[in-house]
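First the structure, in the form of structure tokens, and then the observations on it.
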Amino acid sequence: DQQVKQNSPSLSVQEGRISILNCDYTNSMFDYFLWYKKYPAEGPTFLISISSIKDKNEDGRFTVFLNKSAKHLSLHIVPSQPGDSAVYFCAATQGGSEKLVFGKGTKLTVNP
Amino acid sequence: GEEVAQTPKHLVRGEGQKAKLYCAPIKGHSYVFWYQQVLKNEFKFLISFQNENVFDETGMPKERFSAKCLPNSPCSLEIQATKLEDSAVYFCASSHRDRGRDEQFFGPGTRLTVL
């Protein structure tokens, strides 16, 4: 049973526009959420995180929104750049374990 | 070092052979995690360490997989008698953790191919 779901396997956007990547989770014990970006043949790279006590966290072009009641989070990238093209993974963890539970990823393509 | 290092980059084994993978975490990081990525996009947690102590091993297939993190040595993940289904990319990650919730930094992975 998948506890973290990314229902869109792929997303294509135009350079300069907003990219919105979505993630849903089922385990209400998750209290920390992270987004990772992955290029082929490389390890995932940390992008941004959010604690369950917050509903928004912003870092430059990246903003993560958390809706606890809906068990939903999203990553906004504004403006999108061709270098943002990669697979984006949503991950969640709960206190006491620290292991990351990953979604299956969304492949983002930003077209020039 | 400033990056998580994993060796080897690629490993090919015949079914039934042993495979050993190594991970050097970022200096000062006290937590090490191993993940297995099968079919490109499925990450599965295997085991984590706090310094040299096992922290969480709920993801480890007990029969053939073992792991260690000894002082002053790279961490290792060993698979005895590999099977075809063990073919995957194995990622190691480390985190500081003692600073509170902290992100995990991943190495480049070791691609294991079992023939």
_Cα lying deepest toward the dipole's positive end in the protein assembly as shown, options B:Tyr31, A:Val101, B:Ala19, charges on Cβ_ = B:Ala19
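If R₀ is 25 angstrom, what is the calculated FRET efficiency for the pair B:Val12 and B:Glu42, using the beta carbon separation as r and rounding to 0.05?
Efficiency, rounded to the nearest 0.05: 0.70.
Stick to the Cα atoms of the protein assembly as shown, pair each with every other, and give me the Kirkwood hydrodynamic radius in Å at one decimal. Intermediate values should be presented prior to the final figure.
On the way: mean 1/r = 0.0551 Å⁻¹.
Radius from the Kirkwood sum: 18.1 Å.
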*Could you point to the residue in B:Gly59, B:Leu115, B:Ala88 farthest towards the positive end of chain B's charge dipole, with +1 and -1 charges on the Cβ of Lys/Arg and Asp/Glu respectively?*
B:Leu115
*In straight Cα distance, which lysines are under 26 Å from A:Lys37, not counting same-chain residues fewer than 8 positions off?*
A:Lys5, A:Lys54, A:Lys56, A:Lys68, A:Lys71, A:Lys99, A:Lys104, A:Lys107, B:Lys9, B:Lys27, B:Lys40, B:Lys44
*What FRET efficiency, computed as 1/(1 + (r/R0)^6) with R0 = 22 Å and r the Cβ-Cβ distance, is obtained for B:Glu63 and B:Leu115, rounded to the nearest 0.05?*
0.60
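Among B:Tyr35, B:Tyr90, which comes first, then next, by fewest other beta-carbon atoms within 10 Å? Don't skip to the answer; put the middle values down first.
Values: B:Tyr35 26, B:Tyr90 22.
So the ranking, lowest neighbour count to highest, is B:Tyr90, B:Tyr35.
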*Å³ per residue of the Cα convex hull, for segment B:1-95?*
96
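Just counting partner chain Cβ atoms within 10 Å, what average do the residues of peptide A:1-11 show around their Cβ? Don't skip to the answer; put the middle values down first.
Working: counts 0, 1, 0, 1, 0, 1, 0, 0, 1, 0, 0.
Shielding by partners across A:1-11 averages 0.
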*Based on the alpha carbon coordinates of segment A:1-92, what radius of gyration and maximum Cα-Cα distance (Dmax) apply, in Å?*
12.8, 37
*Virtual spin-label span in nm between A:Ser51 and A:Gln81, 7 Å along Cα→Cβ*: 3.0
_segment A:1-31 versus segment A:44-66: alpha-carbon centroid distance in Å_ = 13
_So if I take the centroid of the Cα atoms in segment B:61-115 and the same for segment B:35-51, what is the distance between those two points in Å?_
7
*Tell me, what is the FRET efficiency for A:Asn27 and B:Val54 to the nearest 0.05, using R0 = 25 angstrom and their Cβ-Cβ distance as r?*
0.65
*For chain B, what proportion of DSSP beta bridges, expressed in % and rounded to the nearest 5, is antiparallel?*
90
*Residue-averaged beta-carbon neighbours from other chains (10 angstrom radius) around B:44-57*: 2
*Computed magnitude of the charge dipole of the protein assembly as shown (debye, nearest 20; Cβ of K, R +1, Cβ of D, E -1)*: 300
*Under unit Cβ charges (Lys, Arg +1; Asp, Glu -1), what dipole magnitude, rounded to 20 debye, does segment B:55-94 have relative to its Cα centre?*
100
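If you count the DSSP beta bridges with both ends in the protein assembly as shown, what percent of them are antiparallel, to the nearest 5?
On the way: 71 of 80 bridges.
If I count the DSSP bridges inside the protein assembly as shown, around 90 percent turn out antiparallel.
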*Based on other C-beta atoms within 10 Å, arrange B:Ser94, A:Ser49, A:Ser69, B:Ser30 from fewest to most.*
A:Ser69, B:Ser30, A:Ser49, B:Ser94
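Other chains near A:96-106: what is the mean number of their Cβ atoms within 10 Å of each residue's Cβ?
Details: counts 2, 5, 12, 14, 10, 3, 7, 3, 5, 4, 1.
Other-chain Cβ atoms within 10 Å of each residue's Cβ, averaged: 6.
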*Using +1 on the beta carbon of Lys and Arg, -1 on that of Asp and Glu, and nothing else charged, what's the dipole of segment B:1-94 about the Cα centre, debye to 20?*
220
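Taken together, the values in this text are just the output of simple stated rules run on the coordinates, not laboratory data. Quick caveat, the model's predicted, so the values are computed rather than measured. Neighbour counts are summed over all protein chains in view; Cβ atoms, including those assigned to glycine, are modelled from backbone coordinates with ideal geometry.
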